[in-house]
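Notes follow the structure.
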Amino acid sequence: MAVELVDKSEIVSILEELGVLLELKGESPFKAKAHANAARVLEQFEGDLVEAVRSGVLLKEKGIGKSLFETITEWVNTGKSSYYDELKASIAPGLLEMLEIRGLGAKKIRQIHKTLGISNLVDLEYACVENRLVDLPGFGQKTQEKIQQRIAFHKRHQGFLHAHTAQSICEALLSQLEGIKAFKRVSAVGALRRRDEIVKGIELLASCLSPKRAIKALETIEGIDETTIQSKVQSGFETVECAMRDGIAVSIHLVPDDRYPFLLHHFTGNEAYQRAFSARAKQFGIKVSDYGLFLEDHVLPCTTEEDLFSTLDLDFIPPELREGRGEMSAAIHRELPELVAEKDIRGIFHVHSTYSDGSAPLSEMVAAAEAGGYEYIGISDHSQSAFYANGLKPDRVQKQHEEIEALQDQHEDIAILKGIESDILTDGSLDYDEETLASFDFVIASVHSGFNMTEVEMTERVIRAISHPLVTMLGHPTGRILLSREPYALDVPAVIRAAREFGVIIELNASPFRLDLDWRFCKMAKEAGVKLSLNPDAHQMDSMTELAAGVGVARKGWLSPNDLINTLSRDCILDYLKERKTHF
């Protein structure tokens, strides 16, 4: 028996989607188009659809063939289509997810999948970062940029943000708030102030005399959707919840200025940190609350956040460290490290050019690094197995080295180092013979394929690679892509121990899409005596100087300038690399 109430629009949508799925699967374009045409016919059909199916009248409509009629009949009778279910189940879920990106149709997705082997949104986003779509027919730089922007938009509406995106928006908001008289002091708080890798929305703290005036002022802030502004009173202060016009959530705590230091502290550290801080205060007979530090029945005077720490005889704990991971004990015993800053980075490794998948030629990358004040730049294009990234065969390696030598003659103020990002093959071997590897000043060994190994297999693979005497550093050690791809299974502590044994540097990949090594392991590497290198993994000129996200992770990982190899001067780094090669 037919379903009495049939939503024609549902069937139209199913026919449209069938057309897309058929195109995605690579079926006959005529077949895909037939389903799209049938959807238009059905959309314009004005009769009783149920009766037209029962009587067979619908078959007389131009564009409704026998198989299409059967699909429509099954839906009318059962509310589903077995053909649709089977077809959808036969397509990789990642390809279906890619369809959610506006402007990325089935034809383009199939081309990307067939040519580059990309089968999910995760790999598509990073392919954009590495410029792999630029040379595809019908794509180009602008199309790649649009796809990347739309993926970012898609993820924003899932509620998660890369920290560098949130930081950029936050800085623009703070700049505007600081220029409004209604606000006295403003700051980021929460995960953003702790420099977490990803955040869910933006959280700010602002002191003001009149919350009502402050809320009114928020309506003038560029980028905020004034229709979303809502406020509520909690704990004696007002919190405004609103959204940017692109959907990013923003929370702003409006507080009296005398409570600002306490609430800045309260909203920054995580729960484990707050418990440790309260325990320290208890030793002095002090109670901690977001109203202040209380000794018996009166509030201890604190006009800045630093005052809270000095009151409890603590060294100031940088916001990045407030995670409840030993920072309180270090502050008590004056053992907190001097954390690295961007100004400490004197040179960069892991830079790609148009020799592989970079967007700029060597000459421009070198000139940009020199203009950025770097003392050295380590060129490291992809090796020959990375066919998807135009990896270098030995003859092209030689050609690049000749160009680097010519460029070095033209640039006296910066050392141009010959490097390679060599693929770690599945058996742990590297991507060139010994003679070719020995021609480089440094070698970064990285995993770019075979991610589904067991932890034991992957760990053995990586350790075998870094045991090679010509390997200088291990690139993006766990292969993670934030908000996109989980790290592959790897015994990181075992790899750190091996890096110490073989004198190999571990990369802290500063790409905001990777930030790999994870900050939790950075501290472990530091304690093991393993050097790290803060590398941009740059595929564009701008990326070479955008190290803020990586520096944030380095600081969260307790790293000082001495823990990073690329805080060394030009002469020191040249001596270091020369000495390593003499041992081969």
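Run down S187, S175 and say which single residue is of a type outside the set (A, V, I, L, M, F, W, C), at pLDDT 90 or above and either outside any helix (DSSP H, G or I) or at positive phi (or both).
S187
Please find, among E178, E171, E130, E222, the residue that is farther than 19 Å from H253 by Cβ, surrounded by fewer than 19 Cβ atoms within 10 Å (Cβ to Cβ) and among the charged types (D, E, K, R).
Every option except E222 fails the conditions.
Looking only at segment 133-161, count every residue that is touching a Leu at 6+ places or on another chain (Cβ under 6 Å) and assigned to a loop (DSSP other than H, G, I, E, B) and tell me the total.
The number of residues fulfilling the criteria is 2.
Give just the number: which of (1) free of Cβ contacts under 8 Å to residues at least 12 places away in the same chain; (2) crowded, with 24+ Cβ neighbours inside 10 Å; (3) not aromatic (F, W, Y) does L517 not satisfy?
(1)
Regarding Y376, is this residue surrounded by 13 or more Cβ atoms within 10 Å (Cβ to Cβ), more than 21 Å from S543 (Cα to Cα) and not assigned by TED's automatic domain parsing to the domain that holds A127?
No; evaluated as a whole, the condition is false for this residue.
Failed condition for H35, given (1) under 22 Å from I109 (Cα atoms); (2) at pLDDT below 90; (3) touching a helix residue (DSSP H, G or I) at 6+ places or on another chain (Cβ under 6 Å); (4) of a type outside the set (F, W, Y), with all others met?
Looking at each condition in turn, H35 falls short on (2).
Filter segment 289-325 down to the residues that are of a type in the set (G, A, S) and at pLDDT 95 or above and list them by number.
S310, G324, listed by residue number.
Answer with yes or no whether S569 is surrounded by fewer than 24 Cβ atoms within 10 Å (Cβ to Cβ) and touching a Pro at 6+ places or on another chain (Cβ under 7 Å).
no
Only one residue in E197, E203 is charged (D, E, K, R), surrounded by 14 or more Cβ atoms within 10 Å (Cβ to Cβ), under 30 Å from H539 (Cβ atoms) and modelled with pLDDT of 90 or more. Which one?
E197
Looking at segment 433-539, what helices (runs of 4 or more DSSP H) fall wholly within it and have at least 3 residues that are over 15 Å from E421 (Cα atoms)?
455-466, 492-502, 519-527
Condition check ((1) in contact with a Ser or Thr (Cβ under 8 Å, 6 or more places away or on another chain); (2) within 30 Å of V134 (Cβ to Cβ); (3) outside any helix (DSSP H, G or I); (4) in contact (Cβ under 8 Å) with a residue 12 or more places away in the chain) across all residues:
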{"residue": "R280", "(1), (2), (3), (4)": "no, no, no, yes"}
{"residue": "S310", "(1), (2), (3), (4)": "no, no, no, no"}
{"residue": "S329", "(1), (2), (3), (4)": "no, no, no, no"}
{"residue": "E335", "(1), (2), (3), (4)": "yes, no, yes, no"}
{"residue": "I377", "(1), (2), (3), (4)": "no, yes, yes, yes"}
{"residue": "S380", "(1), (2), (3), (4)": "no, yes, yes, yes"}
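Tell me the helices (runs of 4 or more DSSP H) entirely within segment 20-113 that contain at least 2 residues that are of a type outside the set (V, I, T), in contact (Cβ under 8 Å) with a residue 24 or more places away in the chain and under 30 Å from C128 (Cα atoms).
Helices (runs of 4 or more DSSP H) meeting the threshold: 82-89, 93-98.
Just one of (1) at pLDDT below 90; (2) part of a helix (DSSP H, G or I); (3) among the acidic types (D, E) trips up D246, so point out which.
Status for D246: all satisfied but (2).
Mind listing whichever residues of segment 114-132 are within 18 Å of T354 (Cα to Cα), part of a helix (DSSP H, G or I), touching a Ser or Thr at 6+ places or on another chain (Cβ under 9 Å) and of a type outside the set (S, T, Y)?
V129 - this is the single residue of segment 114-132 that is within 18 Å of T354 (Cα to Cα), part of a helix (DSSP H, G or I), touching a Ser or Thr at 6+ places or on another chain (Cβ under 9 Å) and of a type outside the set (S, T, Y).
Quick one: what pairs do we get from segment 245-258, first residue of a type in the set (S, T, Y), second crowded, with 16+ Cβ neighbours inside 10 Å and not in a strand (DSSP E or B), C-beta under 7 Å, 6+ apart or different chains?
S251/G201
Quick one: in segment 225-243, of everything that is part of a strand (DSSP E or B) and not hydrophobic (A, V, I, L, M, F, W, C), which residue is modelled with the lowest pLDDT?
By that ranking, first place goes to Q234.
Which one is nearest to H350 (Cα to Cα) among residues in segment 437-466 that are among the aromatic types (F, W, Y) and surrounded by fewer than 24 Cβ atoms within 10 Å (Cβ to Cβ)?
Selected residue: F440.
For V41, work out the one condition from (1) surrounded by fewer than 16 Cβ atoms within 10 Å (Cβ to Cβ); (2) of a type in the set (A, V, I, L, M, F, W, C); (3) touching a Gly at 6+ places or on another chain (Cβ under 6 Å) it doesn't fulfil.
Only one criterion is unmet by V41, namely (1).
I need the full set of residues from segment 292-308 which are surrounded by 18 or more Cβ atoms within 10 Å (Cβ to Cβ) and either assigned to a loop (DSSP other than H, G, I, E, B) or hydroxyl-bearing (S, T, Y) (or both), in order please.
Passing the criteria: only C302.
Which one is farthest from F30 (Cα to Cα) among residues in segment 92-110 that are surrounded by fewer than 16 Cβ atoms within 10 Å (Cβ to Cβ) and not charged (D, E, K, R)?
Checked segment 92-110; the qualifying residue farthest from F30 (Cα to Cα) is P93.
If only one of K556, K526 is basic (K, R), out of contact with any strand residue (DSSP E or B) (no Cβ under 7 Å at 6 or more places or on another chain), assigned by TED's automatic domain parsing to the domain that holds P487 and buried (at least 24 other Cβ atoms within 10 Å of the Cβ), which one is it?
Working: K526 fails: buried (at least 24 other Cβ atoms within 10 Å of the Cβ).
The match here is K556.
Kindly indicate whether any position in segment 71-78 is surrounded by 13 or more Cβ atoms within 10 Å (Cβ to Cβ), in contact with a Lys or Arg (Cβ under 7 Å, 6 or more places away or on another chain) and of a type outside the set (D, E, K, R).
No, the conditions are met nowhere in segment 71-78.
Specify the residue that is modelled with the lowest pLDDT; the eligible residues are those in segment 277-288 that are closer than 20 Å to E323 by Cα and surrounded by 14 or more Cβ atoms within 10 Å (Cβ to Cβ).
Ranking the qualifying residues of segment 277-288, first place goes to V288.
The values are calculated or read from the model by the stated rules, or taken from the named source; none is laboratory data. What you are looking at is a predicted structure, and each value in this text was computed from that prediction instead of being measured. So basically every Cβ, Gly included, is an ideal-geometry build from the backbone, and we count neighbours across all protein chains shown.
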